[in-house]
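Below is one structure; the comments refer to it alone.
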Amino acid sequence: MTQQGAPRQEAHPPAAITPERFRADRSAAPRACAYGVGGYTVVELHGEIDIVGRESVGLELDRATSPPAPAVVIDLTPTCFFDCSGVELLCRAYRRVRDRGGRLRVVCDSPLILRTLRVGGLLDVVCPVPTLADALRED
């Protein structure tokens, strides 16, 4: 209720949906979404990848990395939080793919997640690229 004589506040139009706002509005619930494209299994990691989500996300990564010579892309662009539990998941996926003679690529454009990968010693191991198109491009 406004005071008598006070100017009424105008209603603001809804804010435009920008990539930053879209990421901020996403659910923090951890989940993995896997699909095939171009001979790769792409595993998108959504939400907060921490100790709580490690088990559910880890199961999907294990499925993707279990065949002989797996070709896997882990897409971290839908990820809104990533800590040492996420680093552990990437280490496990990397070892499983390497031990089976496969190929692993990582997509990440988040400065915070890239910093976490650098601190965890994985940045130079998994060599993330900024887009899925880059990851699917043949060398």
**OP:** Only helices (runs of 4 or more DSSP H) wholly contained in region 83-139 count here; list those with 2 or more residues that are among the charged types (D, E, K, R) and open to solvent by 50 Å² or more (accessible area, probe 1.4 Å).
**Re:** 84-99, 111-119
**OP:** Might you check whether a residue that is of a type outside the set (Gly, Ala, Ser), modelled with pLDDT of 95 or more and surrounded by fewer than 18 Cβ atoms within 10 Å (Cβ to Cβ) occurs anywhere in region 44-53?
**Re:** no
Original post:
Has region 57-76 got at least one residue that is open to solvent by less than 60 Å² (accessible area, probe 1.4 Å), assigned to a loop (DSSP other than H, G, I, E, B), under 20 Å from ARG31 (Cα atoms) and at pLDDT below 95?
Top reply: no
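The values are calculated or read from the model by the stated rules, or taken from the named source; none is laboratory data. Just so we're clear, the structure is a prediction, and the values are computed from it rather than from any experiment. Cβ: placed from backbone, ideal geometry, glycine included. Neighbour counts: every protein chain shown. For accessibility, only protein heavy atoms count, side chains too; no ligands or nucleic acids. Shrake-Rupley method; radii C 1.70, N 1.55, O 1.52, S 1.80 Å.
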